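Structure first, commentary second.
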Amino acid sequence: MQLRKATEQDLPAIMAVLDAGRDIMMASGNPNQWAKGYPTEEMVRRDIGPGYGMVMEEEGRIVGYFACIPSPDPTYAVIDGGAWLDDEKPYYVVHRIASYPEVHGVFKTMMEYLDGITDNIRIDTHKDNHIMQHNLAKYGFRYCGIIYIASGAERLAYQRLR
């Protein structure tokens, strides 16, 4: 699997991957996390512009996407029911992770990339996203508490320090 920064030309392929990710969530009992058109094309454009959007390719086909954004993330300023493992060091936030259902190794490829750029990662997910929670546990993330996204909805917040 090849990993590279996303470009504007990749947008249609990225949106198709995100649609597949939404279908996976719905099929696995998580119909609310990416409801109502999330993530939008405009969000992905905002990822791509500064170089935060990343695509994964197999045989020239885009099969995965995620955004890797440097801190601070205002959504993570307040955490309820716990605390960040470290609230001083700079961190990266990962958003919008998706792939096609037949593709394997996307989370692993993403983590190999992240390990090369940071030792401090934060991710949040919906309480019904058991696939993501499984991957987070597998890669050493620790549950830290609840954060609230812009809509006011709760998300489970995780951090991994190396």
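Give me the percent of accessible area attributable to carbon and sulfur for the chain, probe 1.4 angstrom.
Result for the chain: 53 percent of the exposed heavy-atom area is carbon or sulfur.
Over 22 Å apart: what share of the alpha carbon pairs of the chain falls there, rounded to a whole percent?
Result for the distance tail: 39 percent.
Pull out a ≥ b ≥ c, the square roots of the eigenvalues of the alpha-carbon gyration tensor of the range 39-128, then state rounded if a/c is under 1.5, prolate if not and a/b is larger than b/c, and oblate in the remaining case.
prolate
Let me confirm the definition first: pairs of Lys residues in the chain, 8 or more apart or on different chains, C-alpha distance under 18 Å. How many are there?
So the count of such lysine pairs works out to 4.
Using the Karplus curve 6.51 cos²θ - 1.76 cosθ + 1.60 with θ = phi - 60°, what ³J(HN,Hα) values do you get for each residue of the range 26-42, in whole Hz, with x for Gly and Pro?
4, 5, 9, x, 10, x, 9, 5, 10, 6, 6, x, 7, x, 7, 4, 5
The values are calculated or read from the model by the stated rules, or taken from the named source; none is laboratory data. Keep in mind that what you see is a predicted model, and the values were worked out from it rather than measured. Accessible surface is based on the protein model in full, side chains and every heavy atom, while ligands, DNA and RNA are left aside. Shrake-Rupley method; radii C 1.70, N 1.55, O 1.52, S 1.80 Å.
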